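Report on the following structure.
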Amino acid sequence: MRSKSPGQAHAPAALGVQARRLRALLVDLSRRRPVRDPVAAACEDLGLTPVQIHIVAWLGQDGPLTMGALARRVAVTEKTITGVVDRLERDDLVQRTRDPGDRRVVHVRLAGRGAELFRRIDAEIEAKLTALLALLDGGDRQHLLGMLEKLAARLAGHAAEEGHPPAPAGTRRRAAGQGKPSVGGTSTRRLARPEEA
């Protein structure tokens, strides 16, 4: 049996310290006005709940989702998602369609007003992230994005090992900087590559 090197023996303790440091930094960042969730402003302006706005954001980002997948994305029960989607459908923000292959499966997609709302939220998020990244110099931005891309790739590999489905194509495309998905999930424009920024 191989013995652990001194570095390996302290790794769990060091990871715990780093995890607490990361949590503290994320909490601190979340308190700062410039990086607050732009969804909150949209909620106030439109009289919608955070769950309703997040549904619009997920559908705009990834395209149509089943009711069950949507419930998991916004962390509510399937019973709750039905009532929330009822209200969004009544307000012409989403529409439901039955899967022709399995009538028990219901897909939810953005309707006209929902697509407009998503574009507004998406623009606000992009503006806030642009302002946030502007606080760093180019090298720091590249390092931050590189680390986040590495973490995303490792999480995707870990999810695949556990049998979870891969992220939707629009999410992978966006994370890779290859394009900004439209409401339908196809690329509408290419984001600047790191060397172009």
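Worth a mention:
- Residue that is farthest from Gly68 (Cα to Cα), among those in region 95-116 that are assigned to a helix (DSSP H, G or I) and out of contact with any Asp or Glu (no Cβ under 7 Å at 6 or more places or on another chain): Glu116
- Residue match in region 72-94 (condition: among the aliphatic types (A, V, I, L, M), in contact with a His (Cβ under 6 Å, 6 or more places away or on another chain) and either in contact (Cβ under 8 Å) with a residue 40 or more places away in the chain or not in a helix (DSSP H, G or I) (or both)): yes
- Tally, over region 116-131, of residues that are aliphatic (A, V, I, L, M) and surrounded by 19 or more Cβ atoms within 10 Å (Cβ to Cβ): 2
To keep it simple, each residue is scored yes or no on (1) under 26 Å from Ser30 (Cα atoms); (2) at pLDDT below 95.
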residue: Leu59; (1), (2): yes, no
residue: Asp86; (1), (2): no, no
residue: Asp91; (1), (2): no, yes
residue: Gln95; (1), (2): no, no
residue: Arg109; (1), (2): no, no
residue: Leu135; (1), (2): yes, yes
residue: Ala156; (1), (2): yes, yes
residue: His164; (1), (2): no, yes
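- Contact map, region 125-140: first residue assigned to a helix (DSSP H, G or I), second residue surrounded by fewer than 12 Cβ atoms within 10 Å (Cβ to Cβ), Cβ cut-off under 7 Å, separation 6 or more or different chains; pairs are Lys128/Pro34; Ala131/Pro34; Leu132/Pro34.
- Of all residues in region 97-115, those that are more than 14 Å from Val56 (Cα to Cα) and surrounded by 14 or more Cβ atoms within 10 Å (Cβ to Cβ) total 1.
The values are calculated or read from the model by the stated rules, or taken from the named source; none is laboratory data. These numbers come from a predicted model, not from an experiment. Virtual Cβ from ideal backbone geometry, glycine too; neighbours counted across all protein chains shown.
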